[in-house]
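K.L.:
I'd like to ask you about the structure that follows.
Every read-out reported here was derived from the displayed coordinates using simple, explicitly stated rules and does not represent laboratory data. Model, not experiment: these values are computed from the prediction. Cβ atoms come from the backbone with ideal geometry, glycine included; neighbour counts cover every protein chain shown.
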Amino acid sequence: MTVPKLDARIPFLHNLGAELIECGKGRAVLTLEVQPHHHNSKAVAHGGVLMTLLDAALAIAGRSAHNDDFNAPGGAVTVEMKTSFLMPATGHLTIEGRCVHKAITLLFCEGEVRDASNRVVARASGTFKYVVPRPAQPHPSGLDA
C-alpha cells in the first residue's frame with residue numbers, strides 16, 4: 001500500500017513536520033525530526049508535540065483497524081488518552097501506534113515515541129470513537145439551516 005501524505009487529510013501534522021511512514025491493519029508509524037520550534041524552555045521536544053504525535057498515531061492505527069483506506073470517509077475521535085513522559089525527546093523520533101482492541105465504534109489503542117537510539121521517551125494509551133460522516137439531511141422546515 002502506498003503511504004499517503006498527511007498534508008491533505010491532517011494539515012496540522014503536516015505543518016508540525018510529521019511524516020506518515022506506515023499505516024494499515026491496526027498499526028501506524030510516524031516520524032518527526034525535532035526542530036527548535038518544537039522545543040520547550042529546556043530545548044527538548046515540548047510535551048504537547050509528543051502528545052499530538054501519539055494522539056495521531058493511535059487514532060490512525062485505530063482507524064486502519066476498521067478501514068485500511070486512509071482516504072476513506074470516517075475517522076477516529078479521541079475519547080480519552082493517558083500519556084507518560086519517560087525522558088527528554090530530541091533529534092529523530094519514531095512514533096508507533098497500535099490498535100489493541102476494536103469494537104463496533106470504540107477503539108482501544110496504545111503507542112510509544114522512540115528516539116534515534118531506540119529508547120522509549122513517551123508512551124500513551126487511549127480510547128477512540130470510530131465515526132463515519134452521515135449524509136447531509138434536509139432541514140425539517142424545508143429551509144436551509
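K.L.:
How high is the FRET efficiency from D69 to S125, r the C-beta distance, R0 22 Å, rounded to 0.05? Don't skip to the end; give the middle numbers.
P.N.:
Details: r = 25 Å, r/R0 = 1.16.
In this case the efficiency is close to 0.30.
K.L.:
First select every other residue whose beta carbon is under 10 angstrom from the beta carbon of H92; then total the charges, Lys and Arg +1, Asp and Glu -1. Spell out each step's value before the answer.
P.N.:
Numbers: positive: R114; negative: E33, D115.
Local charge sum for H92: -1.
K.L.:
Across segment 119-135, in residue order, what do the Karplus-derived ³J(HN,Hα) couplings come to in whole Hz, using 6.51 cos²θ - 1.76 cosθ + 1.60 with θ = phi - 60° and x for Gly and Pro?
P.N.:
Computed from phi, the couplings for segment 119-135 are 7, 6, 9, 7, 9, 8, 9, x, 10, 10, 9, 7, 10, 10, x, 8, x Hz.
K.L.:
Can I ask one more? Per residue of segment 81-88, what does 6.51 cos²θ - 1.76 cosθ + 1.60 with θ = phi - 60° give for ³J(HN,Hα)? Whole Hz please, x for Gly and Pro, Karplus curve as stated.
P.N.:
Running phi through 6.51 cos²θ - 1.76 cosθ + 1.60 with θ = phi - 60° gives 8, 10, 10, 10, 9, 9, 7, x Hz.
K.L.:
What shape does segment 1-61 take by its C-alpha gyration tensor, where a ≥ b ≥ c are the square roots of the eigenvalues and a/c under 1.5 counts as rounded, a/b above b/c as prolate, and the rest as oblate? It would help to have the intermediate numbers written out before the result.
P.N.:
Values: a/c = 2.50, a/b = 1.89, b/c = 1.32.
Prolate shape, in that a/c is at least 1.5 and a/b is the bigger ratio.
K.L.:
On to the next question. Just order 56-62, 35-41 by mean Cβ neighbour count inside 10 Å, highest at the front, would you? Walk me through the numbers on the way to the answer.
P.N.:
Working: 56-62: 28.4, 35-41: 11.1.
Ranked by mean Cβ neighbours within 10 Å, highest first: 56-62, 35-41.
K.L.:
Pairing the Cα long axis of helix 47-66 with the longest principal axis of the chain, what angle in degrees results, from 0 to 90 and rounded to the nearest 10?
P.N.:
For 47-66 against the chain, the angle is about 50 degrees.
K.L.:
Now for a different question. Quick one: grab the alpha carbon gyration tensor of segment 81-138, order the square roots of its eigenvalues as a ≥ b ≥ c, and give me rounded if a/c is under 1.5, else prolate or oblate depending on whether a/b is larger than b/c. Can you show the working numbers first?
P.N.:
Values: a/c = 3.40, a/b = 2.46, b/c = 1.38.
Prolate, since a/c reaches 1.5 and a/b exceeds b/c.
K.L.:
Which whole-Hz ³J(HN,Hα) couplings does segment 16-22 yield from phi under the Karplus relation 6.51 cos²θ - 1.76 cosθ + 1.60, θ = phi - 60°, glycine and proline marked x?
P.N.:
6, x, 6, 10, 7, 9, 8
K.L.:
I need to check one value: relative contact order of segment 1-129, counting alpha carbon pairs closer than 8 Å and at least 6 residues apart, in percent. Spell out each step's value before the answer.
P.N.:
Details: 295 pairs, mean separation 32.0, N = 129.
So the answer I get is 25 percent.
K.L.:
(1) 21.2; (2) 15.8; (3) 16.8: which one is Kirkwood radius over Cα pairs in Å as calculated from this entry?
P.N.:
The calculated read-out lines up with (2).
K.L.:
Now for a separate question. Based solely on its DSSP helices, what 222 nm [θ] is calculated for the chain when runs of n ≥ 4 H residues each add -39,500 (n - 2.57) and the sum is averaged over all residues, nearest 500 deg cm²/dmol? Walk me through the intermediate numbers first.
P.N.:
Working: 3 runs with 30 residues, N = 145.
When only DSSP H runs of four or more count, the value is -6000 deg cm²/dmol.
K.L.:
Cut-off under 18 Å on the C-alpha distance; same-chain residues fewer than 8 positions from K129 excluded. Which lysines are left, in chain and number order?
P.N.:
K25, K82, K102
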